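Below is one structure, written out as structure tokens, with a few remarks after it.
Laboratory data are not the source of any read-out in this text; all were calculated from the coordinates shown. All figures in this text were calculated on a predicted structure; none of them were measured in a lab. In this analysis, Cβ positions are derived from the backbone assuming ideal geometry, glycine residues included, and neighbour counts consider all displayed protein chains.
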Amino acid sequence: MSTHPPRSLSRVLDDFGPTLLDLLHGDVTGAPEIGGVAIHDPHDDQQYPPHAIVLDPGVRGTHEIAARLRALADHRAAALVVRGPVEDEDARELSEAVAASGIALLALTRGASWAQLAAMLRTLLAEGDVGEQDGQMLGGVPSGDLFALANAVSTLLDAPITIEDRRQRILAFSGRQDEADSSRVATILARQVPDGYVRILEGRGVFKEIYRSHEPVHIEPATISEGETAIPRVAIAVRAGEEVLGSMWAAVRQPLTAARENAFKDAAKLVALHMLRFRAGADAGNRLRTDLVATVLEGGPGAGDALGRLGLRDEPALVMALGVGPRPEEDHAHLAAERQRLTSALAVHITAVQPRAAVALLGEVAYAIVPAPGDPLSGRERAVRMASNFLQRTGERPGAVIGVGSIAGEPAALARSRANADRALRVLFNTPAGRKVASIADVYTDALLLEMRDLAAAHRDELSDPLARLAAYDARHNAHLVETLRAWLDAFGDVIAASASVFVHPNTFRYRIRRVAEVGQLDLQDPSARFAAMLQLRLMDTPGRGADAGEEPPAP
């Protein structure tokens, strides 16, 4: 069992190496506590959390790696992970770069997924991200620390261990996985039992036997491809009462002794406690994060403290708002589940780029507080790109839109950023089609028009006399004078273009525009009169108003 703190590089190497990671250069024993995980993007001006593990899928060769190490020194990174194997063209250059930067150099095993490595690192480092920890121990292992528990069971059984959920996804694994067979290594690399191996075990009825039994189940070797070698397994269901939470597997070359079999059974009960604690802790952590995000966005005296607990106090940030409108065939329960799913996906997407971002679902809207260092315009554009990429990757779910608020240079301004994100979101909801992402700067005029419409409705304002006269005349004579005025103003008085837009002859249009001036008693040569008419027409045409636009979705 590892005795290193969960956030140390030593602990990362104990749990993940050599199956996933190899230490190439550097001393990990004196490295500072890891501050987060980041993926390097050469096309973006990134900000890394202090003492981050930086994953760089694109760097190649000794010279590029050494240059990246020197560049990351300014960001106070803890480690750089590159794709292995590394061709050591000049070992001295790499060792000097590591020594000068103070950054450890690690290599990711060929065939391992960068996405899976990032997910596992974040899982390992997750403890203590939000709020205070009680330091509770279960069976001598930190509560919810499944990796430490897998290593402890591995020591008891003298065999490599994996802990899996009901869908055969790897929750944690011990060291010494290289002592097992190729199927186990493939399982660790993919963090999922290979489909071929699952089909073989399902065909034998292995999973049914495991979940039926309260005793360890011995499993004969199984191979997927010809010529492959495999060693036996022993597995046991992990239960909480009658609920099966998952299973624990050991790769063993010899049958377990009676003492080790009893230890395996006892360990399964302890694993169940840790899995329950982990699940409860995740739920509690989500609730706490939601409360902190809500406190920040509401403003007030507690906002600064809440922002500090989220790790976002000392830099500019902005708020993004994700809204999901209902589909005709969708019931309330399905829509609520879809909002929760998209909120979780948004959190994964944003934290991959900005690890310290905070995401929470508040009511019917998911809000993200995203660091926005540097130039405000660039920060807003990055947020819009991030939101657009997210909707593209999630299949552009119909009805999903994202509004981006203003840059907040201080904690108190985040409430205004949230309000602006809501305003942009409302405009998008009221836009008939097309646009899915917008910042408040992009749709500021449309937001003002919606608010002016609300104000006019609240005051029960009536149309100005010229527009009232035209509307009344149209109602009596079906004359299309309001439509004519709108087309003429939209075309800046160009009769040819305006007549074409309403599909009438230019001479007919000229006659109608003269009738507009006469019936409405409207001086079309007066700029103020034209502006007043245009504004009222815009308020009449505000998206979401009237039968043409359909029913307006609820505003956030």
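Per 0.36 nm of contour for each residue apart, how much would the distance between Thr229 and Ala457 grow if the chain were fully extended, relative to their Cα-Cα spacing?
Taking 0.36 nm per residue and subtracting the Cα distance, the gain is 74.5 nm.
Dipole magnitude of region 9-125 about its Cα centre, charges +1 at Lys/Arg Cβ and -1 at Asp/Glu Cβ only, in debye to the nearest 20? Please report the intermediate quantities before stating the final value.
Details: 9 positive and 17 negative charges, 57 e Å.
Using only the charged Cβ atoms, the result is roughly 280 debye.
Just to be sure I understand the model, the point goes 7 Å from the Cα along the line to the Cβ. What's the resulting Ser528 to Trp114 distance in nm?
6.2
What percent do you get for the relative contact order of the chain when only Cα pairs under 8 Å and 6+ apart count? Show your work: numbers first, answer last.
Numbers: 935 pairs, mean separation 50.7, N = 556.
Dividing the mean separation by the residue count of the chain yields 9 percent.
What distance in nm separates the two pseudo spin-label positions at Thr394 and Ile200, each 7 Å out from Cα along the beta-carbon direction?
3.9
Amide H of Gly325: which non-local residues (sequence gap of 5 or more, or other chain) have their own amide H closer than 5 Å, using H built in the peptide plane?
Amide H neighbours of Gly325: Ala400, Val401.
Per residue of region 399-411, in order, report the coupling 6.51 cos²θ - 1.76 cosθ + 1.60 (Karplus, θ = phi - 60°) as ³J(HN,Hα) in whole Hz, putting x for Gly and Pro.
Residue by residue, region 399-411 yields x, 8, 9, 10, x, 10, x, 7, 6, 10, x, 8, x Hz.
When the helices in the chain are scored as -39500 (n - 2.57) per DSSP H run of 4 or longer and the sum is shared across all residues, what 222 nm value do you end up with, to the nearest 500 deg cm²/dmol? Write out the running numbers ahead of the final one.
Details: 19 runs with 260 residues, N = 556.
The helix contribution divided over the chain gives -15000 deg cm²/dmol.
Would you work out which of Pro506, Val296, Ser528 lies farthest towards the positive end of the dipole of the chain, given +1 charges on the beta-carbon of Lys and Arg and -1 on that of Asp and Glu, about the Cα centre?
Positive-most Cα among the choices belongs to Pro506.
What are the membrane-span-like helices in the chain by this rule: whole DSSP H runs, Cα extent along the axis at least 27 Å, mean Kyte-Doolittle hydropathy at least -0.5?
On the way: long enough: 258-298 (60 Å, 0.02); 332-353 (32 Å, 0.33).
Qualifying helices: 258-298, 332-353.
May I ask you to derive the relative contact order of region 9-125, considering only C-alpha pairs under 8 Å and at least 6 residues apart, and to give it as an integer percent?
Values: 207 pairs, mean separation 36.1, N = 117.
Result for region 9-125 is 31 percent.
Figure the gain on full extension for Arg60 and Lys265 (residue separation times 0.36 nm, minus the Cα-Cα span) and round it to one decimal in nm.
69.1 nm
Length gain on complete extension for the stretch Glu483 to Thr155, per 0.36 nm per residue less the alpha carbon to alpha carbon distance?
On the way: separation 328, 0.36 × 328 = 118.08 nm, distance 8.17 nm.
Extra length available between Glu483 and Thr155 comes to 109.9 nm.
Name the long-range amide H neighbours of Val238: under 5 Å, sequence gap of 5 or more, or other chain; modelled H, no Pro or chain starts.
Placed amide hydrogens put Leu245, Gly246, Ser247, Met248 under 5 Å from Val238.
I'd like the distance between the alpha-carbon centres of region 44-74 and region 19-34, rounded to an integer number of Å.
Taking the Cα centre of each part, region 44-74 and region 19-34 sit 15 Å apart.
Rounded to the nearest 5, what is the percent of antiparallel bridges among the DSSP beta bridges in the chain? Don't skip to the answer; put the middle values down first.
On the way: 44 of 59 bridges.
In the chain, approximately 75 percent of DSSP beta bridges are antiparallel ones.
Among Val238, Gln168, Ile219, which residue has its Cα positioned farthest towards the positive end of the charge dipole of region 137-279, with +1 placed on the Cβ of Lys and Arg, -1 on the Cβ of Asp and Glu, and the dipole taken about the Cα centre?
The one lying farthest along the dipole's positive direction is Val238.
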